[in-house]
Each structure stands twice: as structure tokens, then as C-alpha cells.
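Student: Let me give you the structure first, and then I'll get to my questions.
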Amino acid sequence: AAVGTVNEVLPLAAGASPAAEPEGRAVVLSGLVSQKDARWGTIVVDCGGDWRIEMAGDTEPATGVRLRIHARDVSVALARPEGGTSVRNILPAVVSAMKEDGAYAEVTLSNPAGGEAALVARVLRKSAADLGLTVGQRVWAQVKAAAVIR
């Protein structure tokens, strides 16, 4: 997976203008639609390893897709939430990098099953400190289905 602004990670069509990215860092994940639920209007995208992203959509299974997830839409938990949440995507992750940015920390989260897929979480530095986040630590990445953009 590529990490950075949309301008940095999305290849441009010949002659196209770069898209503005005023909303901060985002990642683009590639995957394959593995499930479609017409009743609920949702799909599940297999992004490799244990990462399956549920989102709104009607794309047919076996279709390749690219998903954009903003760092501001990713949260980090030390334990897997069990019920009591509307968040549909709770993914096992490993902290692979941390970078301070003013009052914030950008936490890069890798798939523990390997591969190139990664997410970035933009959290308060205080939150990262309260959680005791360190590189190599196993955590849970949480992404609201409504925040995933195709």
C-alpha cells in the first residue's frame, strides 16, 4: 500500500491535474471484493492477510478495487472491542512507525500477516502516550465503514 497524500500515491492519467488533498494524509489500499450484501448495500474488500474492509457499495465479487482511508478516520485500540460499537472495521495491526506532527502523532499500522498494506492513524500525541504506543506493538486499527472512499 502507498502512504501519503493522494497526490503522492495515486498515479495520474496522462495530462491530468493533481487532485488537491486538503484533508491530510491518506492511504490507498488495493483489494478484491469478496462479498456483496444487496440487502444492506455493503461489500467486503479483501486487502490481504487478515484485513477485510466492509463499506457501502454494490460492486460485484471478484472485482479489484482501490480504497482511500484518511488518517483522521483511523483510531487505535489496545484491545479488540467486543460489541457495543458501530465501527465495522476492526483490524489487527502492528505499529510500524510513529512520527510527531505538532500536537499530533502519525502512527503507521501494518498488517501483522505481512504484505504491503498499511494504514496511518492521526491521533493526539497525548493519546499515543496514554496508550503507551511503541513501534512493534500489536494493536487494533478501527475504521468506520462510512469513512472508506472508493
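The values are calculated or read from the model by the stated rules, or taken from the named source; none is laboratory data. Predicted model, so just to flag it, every value in this text is computed and none were measured. Every residue, glycine among them, receives a Cβ derived from its backbone with ideal geometry; neighbour counts consider all protein chains shown.
Student: Being surrounded by 18 or more Cβ atoms within 10 Å (Cβ to Cβ), assigned to a strand (DSSP E or B), at pLDDT 95 or above and more than 12 Å from the chain's Cα centre (by Cα) is the requirement here; does V44 meet it? Break it down stepwise before answering.
Tutor: On the way: surrounded by 18 or more Cβ atoms within 10 Å (Cβ to Cβ): yes; assigned to a strand (DSSP E or B): yes; at pLDDT 95 or above: yes; more than 12 Å from the chain's Cα centre (by Cα): yes.
The answer is yes for V44.
Student: Taking the criterion of being under 17 Å from the mean Cα position of the chain (by Cα), over 19 Å from A146 (Cα atoms) and assigned to a loop (DSSP other than H, G, I, E, B), would at least one residue in region 58-78 satisfy it?
Tutor: Yes, some residue in region 58-78 is under 17 Å from the mean Cα position of the chain (by Cα), over 19 Å from A146 (Cα atoms) and assigned to a loop (DSSP other than H, G, I, E, B).
Student: Could you check region 1-41 and list, in sequence order, the residues that are of a type outside the set (G, A, S) and modelled with pLDDT of 90 or more?
Tutor: Across region 1-41, the qualifying residues are R25, V27, V28, L29, L32, V33, Q35, K36, D37, R39, W40.
Student: Also, quick follow-up: So which residues in region 76-114 are closer than 16 Å to E54 by Cα and either touching an Asp or Glu at 6+ places or on another chain (Cβ under 6 Å) or among the polar types (S, T, N, Q) (or both)?
Tutor: Within region 76-114, T85, S86, R88, N89, P92 meet the criteria.
Student: Go through region 119-141 and give me each residue that's under 23 Å from R52 (Cα atoms), out of contact with any helix residue (DSSP H, G or I) (no Cβ under 9 Å at 6 or more places or on another chain) and crowded, with 20+ Cβ neighbours inside 10 Å.
Tutor: Matches in region 119-141: A141 only.
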